[in-house]
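Colleague: Have a look at this one before I ask anything.
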Amino acid sequence: KLIGESNVEVTLTGPIAAKYSSATDDQKQALGKPLTGDRNAGTRDSGLVFQQFQGGVITAKNNQVGTPAYITTGKIREAWNTPRDPDGAPAVTGTNGSAGPLGFPTSDVNTVGDLLVSNFEHGKIEFNPKTGQVEVTVNGKVVPSGL
């Protein structure tokens, strides 16, 4: 149980709770407080379970015990949430998140050299905190970040 926005209690369950419990202090700080309301937690049509936070999201492919969950934060979350066409280019009528061309997260945001990198089923998103540049790769092809 966590205290979310407006001092509303939020209960994390399943893989989301397990991930939050094992998160580092830096990861918890990057996430911030959990957001409340139906649109900020639940299950997407794709089966993805999620809990939105002020600075990121914890997701898992499903709600079964033992399913790995991943933390996606900052500009990487923003780029993942950008609607995209099937080839990964930003599109007004595209799909985003787990339903989009990148698919489900397969890693946390990790530091690789100077970059923050998160892997997805069909690509990766890299963010350079020094330059502010975001690079999105879908199926081996770099596409515009849309940010």
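The values are calculated or read from the model by the stated rules, or taken from the named source; none is laboratory data. The structure presented is a predicted model; accordingly, all values stated were derived computationally and were not measured. Don't worry about glycine lacking a Cβ; one is built from the backbone with ideal geometry, like all the others, and counts go over all protein chains shown. Calculation scope for accessible area: heavy atoms of the full protein, side chains included, ligands and nucleic acids excluded. Shrake-Rupley method; radii C 1.70, N 1.55, O 1.52, S 1.80 Å.
Colleague: Give me the net charge of L2's neighbourhood, meaning all other residues with Cβ under 11 Å from the Cβ of L2; Lys, Arg count +1, Asp, Glu -1.
Modeller: +1
Colleague: Quick one, which of [x] 2, 10, 20, 23, 21, 14, 9, 2, 0; [y] 2, 10, 17, 21, 19, 12, 8, 5, 3, 2, 1, 0, 0; [z] 2, 11, 21, 25, 22, 13, 5, 1, 0, 0 is the actual P(r) over Cα pairs in 5 Å bins from 0, in percent calculated for this model?
Modeller: Only one option fits the structure, namely [x].
Colleague: How much accessible area per residue does segment 2-47 have, in Å², with a 1.4 Å probe?
Modeller: Working: 2930 Å² over 46 residues.
Each residue of segment 2-47 exposes 64 Å² on average to a 1.4 Å probe.
Colleague: Can you give the local net charge around A91? Use residues other than it whose beta-carbon is closer than 10 angstrom to its beta-carbon, Lys and Arg +1, Asp and Glu -1. Don't skip to the end; give the middle numbers.
Modeller: On the way: positive: R84; negative: D85, D87.
Neighbourhood net charge equals -1.
Colleague: Using a 1.4 angstrom probe and counting only protein chains, how large is the accessible area of D26 in Å², to 10?
Modeller: Number for this one is 120 Å².
Colleague: Continuing with the same structure: Which of L115, N96, P144 sits closest to the plus end of the dipole of the chain, meaning its Cα is farthest towards the positive end, when Lys and Arg get +1 and Asp and Glu get -1 on the C-beta?
Modeller: Value computed over the given set: N96.
Colleague: Sticking with this one: Going through the cross-link list K75/K130; K28/K141; K33/K130; K28/K124; K61/K124; K28/K130, which pairs have a Cα-Cα distance over 20 Å in this structure?
Modeller: Over 20 Å Cα-Cα: K28/K141; K33/K130; K28/K124; K28/K130.
Colleague: If you place +1 on the Cβ of every Lys and Arg and -1 on the Cβ of every Asp and Glu, how big does the dipole about the Cα centre of the chain come out, in debye to the nearest 20?
Modeller: Approximately 120 debye in magnitude.
Colleague: Using a 1.4 Å probe on the protein chains only, how many percent of the accessible area of segment 1-117 belongs to carbon and sulfur?
Modeller: Here it works out to 48 percent.
Colleague: Between D85 and E9, how high is the FRET efficiency from 1/(1 + (r/R0)^6) when r is the Cβ-Cβ distance and R₀ = 41 Å? Nearest 0.05.
Modeller: After rounding to 0.05, the efficiency reads 0.55.
Colleague: Can I ask one more? Using 1/(1 + (r/R0)^6) with R0 = 35 angstrom and r between the beta carbons of N110 and K1, what's the FRET efficiency to the nearest 0.05?
Modeller: The computed FRET efficiency comes out at 0.80.
Colleague: Given the options P129, G37, T59, identify the residue whose Cα lies farthest towards the positive end of the charge dipole of the chain (+1 on Cβ of Lys, Arg; -1 on Cβ of Asp, Glu).
Modeller: Toward the positive end, the furthest listed residue is G37.
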